[in-house]
1. Of all residues in region 405-427, which are touching a residue at least 60 places away in the same chain (Cβ under 8 Å) and either surrounded by fewer than 16 Cβ atoms within 10 Å (Cβ to Cβ) or among the basic types (K, R) (or both)?
2. Kindly list the number of the only condition in (1) within 12 Å of the ligand (Cβ to nearest atom); (2) farther than 30 Å from R132 by Cα; (3) among the small types (G, A, S) that fails for A373.
3. Among the residues of region 74-114, count how many are within 16 Å of the ligand (Cβ to nearest atom), hydrophobic (A, V, I, L, M, F, W, C) and more than 22 Å from A20 (Cβ to Cβ).
4. May I ask you to list the residues in region 310-321 that are within 11 Å of the ligand (Cβ to nearest atom) and either open to solvent by 10 Å² or more (accessible area, probe 1.4 Å) or in a helix (DSSP H, G or I) (or both)?
5. Anything in region 40-87 that is among the aromatic types (F, W, Y) and either more than 15 Å from R323 (Cβ to Cβ) or open to solvent by 20 Å² or more (accessible area, probe 1.4 Å) (or both)? List them, or say none.
6. Go through (1) closer than 30 Å to E403 by Cα; (2) surrounded by 17 or more Cβ atoms within 10 Å (Cβ to Cβ) one by one and return the number of the condition F93 breaks.
7. Check off (1) under 24 Å from V51 (Cβ atoms); (2) out of contact with any Gly (no Cβ under 9 Å at 6 or more places or on another chain); (3) aromatic (F, W, Y) for F321 and give me the number that stays unchecked.
8. Within the set of pairs 6+ apart or on separate chains, which have a first residue in region 65-92 that is within 19 Å of F418 (Cα to Cα) and of a type in the set (S, T, Y), a second that is within 12 Å of the ligand (Cβ to nearest atom) and in a helix (DSSP H, G or I), and C-beta atoms under 8 Å apart?
Amino acid sequence: MTTTESRTDARIPDDVAAAAVLPLSYTDEQNVTYPAFRWLRANNPFGVAHVEGFDPIWLATTQEHILAIERDPATFSSGRDEPMVNDRASSAFLQLMRGDARTLDTLAYMDAPEHTKIKNVTSSWFLPATARTREEPIRALAREAVDHLMSFDGRCDVVTDFALHYPLRVIMTLFGVPREDEPLMLKLTQELFGTTDPEEQRAEVAPEPDVAARMWRAAIADFAGYFTELAAQRRANPTDDLVSIIANARVDGELLPDSFVVGYCVAIATAGHDTTASTIAGAVQALAQFPDQLRLVKQDPALIGGLVDEALRWVSPVKHFQRVVARDVEFAGRQLTEGDHIMLLYPSANRDEAVFENPDVFDITRRPNRHIAFGFGPHMCIGQHVAKLEMRILFEELLPRIESFGIDGTAKYGAANFLSGLKTQPITFTKA
Ligand code: HEM
């Protein structure tokens, strides 16, 4: 492409832009965000969104564009701003608070070479082979979760009664956080990611225009207090848990500064369970809506891996990550300027007709299933093997004990454009 189009040509119609960017849109993905993504992929796959209350932002909606951006972190930086899109008031608040510093010293805020060094601290711990050595304790937690489900008389809420607690328990067990602190970890995570959801907001900040950023900061401050203390304990008395590894890691011969230990712990403590819980809940919802798929996987448990991947594609619990343009560049026929912001819309890429046949059909037999629910490139999710392992084990334990699932009422979804999914979904089930 030799010519570049002007920003006016690139502008996305306001209603479509609002559907893709506003947190509230994600409470009704079927009728709001997915139709908008479909329109964008067909008509303006890399355009600029102008949404009231937000700075203009480029929306990357195809898998081809998102992969190209993630492959080129020198041009599309993670280290120049927050990893998630905020409204203008919240961006201003965060900028004021952090000054020249970073909001959080954690991977999603870093570029190479710093990013590579810090990622290496835990990369061997997160390898598939290492994750598999934890299969036994994870299976014990999966059985506990399924037993709890079986204690209901064929009717429950798949999120609050089943999906929510198992991934939290898995990650906190691997992490070394005691069970009695799990409710606190869950509450802070919900506050951190539910900053735009009125139901998650703390009363003292709810009326502020920059409520999202204030919530984010308050939750991080509470996490920091907790993990600084836990890391100090693990420095004094190391164990084999993940907090011990992070607290005692040496980079260039030095222990990590406290802010990096906190940043690492917050990222793992929060990124690891909400996402997985949303995927599990979405998988059960889909198995209720598509009973032929439940029959298939019950007949052939070798399809459980396919079920997990299709659930990740279908749910895409991480709705976006943000990148900032590091140099003037032409991309996708558009002229981008240093400092421009880009929203990588993973759910759109995971329904991209150029990659997936019948993308709006839930099909556990897809081969290959090239979803990018875990992102791509150097920032690709560090916890992907743990997440897939714990979901596989849960379905191995669950499916033999279930004959059917049914939908028993209206679902409710979180009002967030970063990390979101089912909040409640009443279901029925019959035991095998
Ligand atoms: C269904 C479960 C999960 C999904 C869908 C998911 C998705 C993602 C995505 C999309 C990214 C950004 C990738 C990119 O920028 O290209 C990411 C990064 C990350 N995830 Fe996950 N994640 C999940 C589970 C986990 C778990 C279990 C952990 C930890 C135990 C975890 C820890 C992280 C961390 C630390 C990062 C930042 C990596 C970096 O910037 O280098 N995630 N995840």
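1. Listed by number, the residues that qualify are G406, I407, K412, K423, T424.
2. (2)
3. Initial filter on region 74-114 (within 16 Å of the ligand (Cβ to nearest atom)): 74-85, 102-114.
Within this subset, residues satisfying the condition of being hydrophobic (A, V, I, L, M, F, W, C) are 74, 76, 84-85, 104, 107-108, 110, 112.
Next cut, more than 22 Å from A20 (Cβ to Cβ) only: 74, 104, 107, 110, 112.
Total meeting the criteria: 5.
4. A311, L312, R313, V315, V318, F321
5. Within region 40-87, just F54 meets the criteria.
6. Every condition holds for F93 apart from (1).
7. So the condition that F321 fails would be (2).
8. The qualifying pairs are S78/A108; S78/Y109; S78/H115; S78/H379.
The values are calculated or read from the model by the stated rules, or taken from the named source; none is laboratory data. Model, not experiment: these values are computed from the prediction. Ideal geometry is used to build each Cβ from the backbone, glycine not excepted, and the neighbour counts take in all protein chains shown. Heads up: the accessible areas ignore ligands, DNA and RNA and are worked out on the full protein's heavy atoms, side chains in. Shrake-Rupley method; radii C 1.70, N 1.55, O 1.52, S 1.80 Å.
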